[in-house]
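Let me begin by presenting the structure, written as structure tokens, before commenting on it.
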Amino acid sequence: METKIERTWVELVRGDITQMDVDAIVTATTDQLWMETGVSGAIKRVGGQVIEDEARAQAPIELGDAVPTTGGELKARWVVHAAVTGENSSTDAATIAKATRRSLEVAEMLGARTVALPPFVSGAGGFPLYSCTTIMMAALRDYFRAHPRSGIKRVFLTCFDATTEAAFANALAGINRFVAVGR
């Protein structure tokens, strides 16, 4: 399933984000940029400690902000670390939307043409998955509408399991309906 927003394709992909052959992968993390669990932990295990070391050197960052590091041993050239939660592991809709947009800005600054993006709260964030993916899709739509000449050509919504895939498919279908109706 995919849709086009301005000049950028947004595509749903089932698989392991650490194996994606893209310019940049995004991970949700705390404002302290630790990479212990979830997607961040998997990225560190596959890509190496250097990724967390580079991230931690930039900590702390504000909730909703994002910073880049190298991709270490990953196929991806860069990792974009989005601060979605604080130390209390909770988040809200505004932070998810801001972190989504900021991740795209950082990827754009790096020159990334392809970006893999997981849901930001499928694990410890405590925010409902379907709401999260809907907020992220709206933020993607708004970003690419505001940046119609974006250098990002493809965003892969990366899903590790069937539940996440269903949530992103639902959000993507909603965007497709919105795009079909008009601006």
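Worth pointing out:
- A59 vs. criteria in contact with a Leu (Cβ under 6 Å, 6 or more places away or on another chain) and either farther than 12 Å from T158 by Cβ or surrounded by 15 or more Cβ atoms within 10 Å (Cβ to Cβ) (or both): yes
- Subset tally (residues that are of a type in the set (A, V, I, L, M), crowded, with 22+ Cβ neighbours inside 10 Å and farther than 14 Å from V121 by Cα) for region 35-56: 4
- One residue stands out among those in region 163-176 that are aliphatic (A, V, I, L, M) and over 16 Å from F120 (Cα atoms): the one that is surrounded by the fewest Cβ atoms within 10 Å (Cβ to Cβ), which is A173.
- The set of residues in region 72-128 that are buried (at least 16 other Cβ atoms within 10 Å of the Cβ), among the small types (G, A, S), out of contact with any helix residue (DSSP H, G or I) (no Cβ under 6 Å at 6 or more places or on another chain) and not in a loop (DSSP other than H, G, I, E, B) comprises A83, A99, S103, A107.
- Checklist (1) in a strand (DSSP E or B); (2) closer than 27 Å to A169 by Cβ applied to V67, failing item: (2)
- Single unsatisfied condition, D23 versus (1) among the acidic types (D, E); (2) surrounded by 19 or more Cβ atoms within 10 Å (Cβ to Cβ); (3) more than 15 Å from S103 (Cα to Cα): (3)
- All positions within region 129-155 that are touching a Ser or Thr at 6+ places or on another chain (Cβ under 7 Å) and not in a helix (DSSP H, G or I): S150, I152, K153, R154, V155
- Qualifying residue in region 74-86 (condition: in contact with a Phe, Trp or Tyr (Cβ under 8 Å, 6 or more places away or on another chain) and hydrophobic (A, V, I, L, M, F, W, C)): yes
Okay, residues lined up against (1) β-branched (V, I, T); (2) without any contact (Cβ under 8 Å) to a residue 12 or more places away in the chain; (3) within 23 Å of E2 (Cα to Cα):
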{"residue": "T30", "(1), (2), (3)": "yes, no, no"}
{"residue": "V50", "(1), (2), (3)": "yes, no, no"}
{"residue": "A59", "(1), (2), (3)": "no, no, no"}
{"residue": "E62", "(1), (2), (3)": "no, no, no"}
{"residue": "F120", "(1), (2), (3)": "no, no, yes"}
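- Only one of the numbered conditions (1) closer than 15 Å to A82 by Cβ; (2) modelled with pLDDT under 95 is violated by I51, and that is (2).
- Meets criteria (closer than 23 Å to E36 by Cα, of a type in the set (S, T, Y), touching a His at 6+ places or on another chain (Cβ under 8 Å) and at pLDDT 95 or above) for T100: no
The values are calculated or read from the model by the stated rules, or taken from the named source; none is laboratory data. Given the structure is predicted, the values throughout are model-derived calculations rather than measurements. All Cβ positions, even for glycine, are placed from backbone atoms using ideal geometry, and neighbour counts span all protein chains on display.
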